[in-house]
1. Just subtract the alpha-carbon distance of Met44 and Ser24 from 0.36 nm times their residue separation and send over the number in nm, one decimal.
2. From largest to smallest, what semi-axes in whole angstrom does the chain give when each is the square root of 5 times an eigenvalue of its alpha carbon gyration tensor?
3. Within the chain, how many Lys pairs sit with Cα atoms under 28 Å apart, leaving out pairs fewer than 8 places apart on the same chain?
4. For the chain, what are the DSSP H helices with axial Cα length of 15 Å or more and mean Kyte-Doolittle hydropathy of at least -1.0?
Amino acid sequence: MDEFRLSVTGSATEINALEEFCRSQGVETKRGATSANDANGIIMFVLFLIAKFDLLPKCISTFRTTRKPPPNMTRFVLGKGFVRFEGYSAEDVKKVLAETLEIHIEDVKEDQE
């Protein structure tokens with residue numbers, strides 16, 4: 001299968017951590033445009049992950065399980081908005097990636113468990 005390009009949005013902290021981790025796993029990364037809403041203090045960054053399709057679910061699943069506490073991840077579903085991932089195993093992530101080309105990673109909060 002050809003390379004798969006996944007867009008991941010999130011804060012600078014999470015995107016930096018994800019980029020470093022994915023590069024260590026052999027996944028190519030590229031930075032994208034940022035979006036900001038100064039009125040609300042929201043700044044989002046985009047990271048493109050480029051790899052064979054089978055490598056990305058393993059990388060994302062492992063990234064999430066190595067973070068303490070683990071970050072929440074969501075995907076956009078037409079008509080429903082952003083929906084939280086139900087499972088984080090490589091197989092669960094693979095099912096999500098088969099349906100979308102974009103995910104969002106939320107900041108890790110110290111009080112999450």
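Here, each number is a calculation from the coordinates, and none is a lab measurement. Here the structure is a predicted model, which means the values were calculated and not measured.
1. Numbers: separation 20, 0.36 × 20 = 7.20 nm, distance 2.31 nm.
Stretched out fully, the Met44 to Ser24 stretch lengthens by 4.9 nm.
2. Details: eigenvalues 82, 51, 49 Å².
So the three semi-axes of the chain are 20, 16, 16 Å.
3. Lysine pairs, 8 or more places apart or on different chains, close enough: 22.
4. Values: long enough: 12-24 (18 Å, -0.22); 55-66 (17 Å, 0.37).
Counting only whole DSSP H runs, the qualifying helices are 12-24, 55-66.
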